[in-house]
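First comes the structure, then the notes that go with it.
The values are calculated or read from the model by the stated rules, or taken from the named source; none is laboratory data. Computed from a predicted structure; not experimentally measured. All Cβ positions, even for glycine, are placed from backbone atoms using ideal geometry, and neighbour counts span all protein chains on display.
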Amino acid sequence: MRLQVFAWLSEQVQRHGDVLPRKLLEQGFVSPAGERIVLLGPQGIWKPRSFQLPLSITTSPDSPYDDAFGEDGALHYRYKGTNPLDPVNVRLSEAGRQQVPLVYFHGIVKGKYLVVWPVFIVGEEPARLTFRVMADDAMAMQELQDRAGVSETAEGRRAYVTASVRQRLHQRGFRERVLRAYREQCTICRLKHPELLDAAHIIPDSAEGAVSVANGLSLCKLHHAAYDKMVLGITPDYTVSIRKDVLEEIDGPMLKHGLVGLHGQALTLPSRKQERPNRDWLDRRYSEFLRGA
């Protein structure tokens, strides 16, 4: 049954990307046996009726994702309540003892969840009321199907995969928060197709304020590329500036309407002031644009 769940999730990720809507997960799918399998429920530790052990664990969108990871690199997932002997906690502990693969849903923004599978309970810290969780890859599923047990290389592999999951949480979280702030449209041309939109950083990802929405711009693929390549700049006063040599070019309608015609245009900004681009960061980036121009 878990393999059917993983196969269904794979289809949804291919169709929608790895951030899925909650409604889709609550609806789930009908198994070949005619049973509706719901993947996410009202409790963070979720077990469908016909399952003996939990199927998924969920982190709320309101939980800061960095707080979920410990210095050991593992995801530290909290017990239900404060009683380690609560039946829900006992079942999740048993899933760890048997090394049963689980699905992890991390809420990026309200109603949208990054999906990761398989993940495994690899330990517990009762004093801190937490389970230790590590992600794995297709190799783990092959080992389980071959009944080979956990391989000697699994620990290192899980550490690597879990680190990549943490990075994905950062990237997807930034993207979803920025696009939501801009009402899922390009701040320059107002294109409203999310699949053609990116969350562009004003200053590099490694710099201060990198994860803040105020360090992001919702840009379509064309304007994101133009912004990164210094063809297009954005002033601290929220207006578009096109590089001088490009303004002087004569070409087809894409150049004319997609770039040149936008020179001097004001951005479409988030309604919440705290989510609007930071003027100091824009000024720093615009100075680089002027030097390049």
Tell me whether segment 25-37 contains one or more residues that are of a type in the set (A, V, I, L, M, F, W, C), modelled with pLDDT under 95, out of contact with any Gly (no Cβ under 7 Å at 6 or more places or on another chain) and under 22 Å from K110 (Cα atoms). no
Where L282 falls short, out of the listed (1) part of a helix (DSSP H, G or I); (2) in contact with a helix residue (DSSP H, G or I) (Cβ under 6 Å, 6 or more places away or on another chain): (2)
So is S151 of a type in the set (S, T, N, Q), within 28 Å of L114 (Cα to Cα), under 15 Å from the mean Cα position of the chain (by Cα) and at pLDDT below 95 or not? no
Report every pair of residues separated by at least 6 positions or lying on different chains whose Cβ atoms are under 6 Å apart, first residue within segment 270-284 and surrounded by 14 or more Cβ atoms within 10 Å (Cβ to Cβ), second of a type in the set (K, R). P270/R276
Output the residues belonging to segment 240-280 that are of a type outside the set (D, E) and farther than 22 Å from K221 by Cβ. K244, I250, G264, S271, R272, K273, Q274, R276, N278, R279
Collect the residues in segment 257-269 that are surrounded by 14 or more Cβ atoms within 10 Å (Cβ to Cβ), in contact (Cβ under 8 Å) with a residue 24 or more places away in the chain and of a type outside the set (S, T, Y), keeping them in residue-number order. G258, L259, L262, Q265, L267, L269
Scanning segment 28-81 for residues that are polar (S, T, N, Q) and within 24 Å of the chain's Cα centre (by Cα), the one surrounded by the fewest Cβ atoms within 10 Å (Cβ to Cβ) turns out to be S60
Note: among G73, G111, just one is touching a residue at least 60 places away in the same chain (Cβ under 8 Å) and either over 21 Å from R157 (Cα atoms) or outside the structural domain of G28 (by TED's automatic domain parsing) (or both), namely G111
Among the residues of segment 97-135, count how many are under 14 Å from T59 (Cβ atoms), buried (at least 19 other Cβ atoms within 10 Å of the Cβ) and among the aliphatic types (A, V, I, L, M). 9
Please identify the pairs in which a residue from segment 168-196 that is over 14 Å from P270 (Cα atoms) has its Cβ atom under 8 Å from the Cβ atom of a residue that is hydroxyl-bearing (S, T, Y), counting only partners at least 6 apart or on another chain. L169/Y65; H170/Y65; G173/Y65
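Let's see how each residue does on (1) at pLDDT 95 or above; (2) among the small types (G, A, S):
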{"residue": "D198", "(1), (2)": "yes, no"}
{"residue": "E208", "(1), (2)": "no, no"}
{"residue": "H257", "(1), (2)": "no, no"}
{"residue": "S271", "(1), (2)": "yes, yes"}
